[in-house]
Amino acid sequence: MKRVTRVTLFALLMLAAAVAAWQGISLLSGAGQALAPVTGQYYVGASWMAPAAPIPSPIPTAALTPRPTAAATIAPPPAPLPAATPSPAPAAASDDAAAQPAPTPDPFLVEVALAHGIDPAGDYVIVNQNAQRMTIVQQGRVLRILPISTGDPDRGWYTPAWSGRIGEFWGTFTANGASADEAWYLFQAGGSILIHSSPYTLALDGSKLYQGVDELGVFPASRGCIRIAPDDAAWFSAWGPYDTPIVVLPWDGGSGREG
């Protein structure tokens, strides 16, 4: 019995020695693993190195305290700017010829006025038969130039040259089967020489049928009076020509018909 015990003890000692020897060889060879069973090509067991530091518990996250939001401050609306004073708009150019400075008479008209004792800086009227124009001057400035028609020399009717002052207002008159309006008396020359509107006859409906309107400013066609357009005749009367100096220049016997 003792023999068996000794043999068993010896065997255990030999086994312990063998295990110790194998452990030493593994450590010296640097295999990197302690004695552990091998399964396939991979070690199963814990590494011989120091165990990894335990994973620290997550740092407790502080409770997020919401940042206090500043109370919104409503800025007062800016004070309204003072209303700008609008710049005066530039005066619009007027189409009315009367709004423009009136031109001065040309030297010829001034010479005619002086030759007949008329103050060129005053009011006067000059009838130019060759041009078939009548120029109205007011305070030395040309106020208006009107197309006219004087005595037709081809039919033996002439408007004589003359200077003087415009006479009384005759208004409407009738002669030789026609009427005329806005008549102003000038002088006598085998009959009364007047300034008046184009002559007309009356239609059945009472409307006026004017004669010779297309001849105004073109060629002489009257019986000796100075004809002007109906609208111009009304303007002339409104201007008030009574007692204004006037010069009627002579027809030169040439071709004033081209106007």
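Before moving on, here are some points about what is shown:
- Prolate/oblate/rounded label for segment 205-251 (Cα gyration tensor, a/c 1.5): oblate
- Under 5 Å from the amide H of Gly151 lie the amide H atoms of Thr159, Ser222, Gly224, each residue being 5 or more positions distant or on a separate chain, with H modelled from the backbone and absent for Pro and chain starts.
- Relative contact order (%) - criterion: Cα under 8 Å, at least six apart; region: segment 196-253: 32
- Comparing Cα centroids, segment 185-259 and segment 123-157 end up 9 angstrom apart.
- Take each peptide in 131-138, 162-169, count the other Cβ atoms within 10 Å of every residue, and average; sorted highest first, the result is 131-138, 162-169.
- Rounded, prolate or oblate (a/c below 1.5 giving rounded, otherwise prolate when a/b exceeds b/c) for segment 141-259 by Cα gyration tensor: rounded
- Using the average count of surrounding beta-carbon atoms within 10 Å as a protection proxy, the listed peptides 153-159, 173-179, 231-237 rank, highest first, as 231-237, 153-159, 173-179.
- Spacing of the two label points (7 Å from each Cα toward its C-beta) at Asp243 and Ala203, in nm: 4.2
- Seen from Gln138, the other residues with C-beta closer than 13 Å to its C-beta sum to a net charge of 0, counting Lys and Arg as +1 and Asp and Glu as -1.
- Take the Cα of Asp119, step 7 Å toward its Cβ, do the same at Val218, and the gap between the two points is 4.1 nm.
Every number here is computed from the coordinates shown, using simple stated rules; none is lab data. Everything numeric in this text was worked out from a predicted model, so none of it was measured. Reconstructed Cβ throughout: ideal geometry from the backbone, glycine too, with neighbour counts over all protein chains shown.
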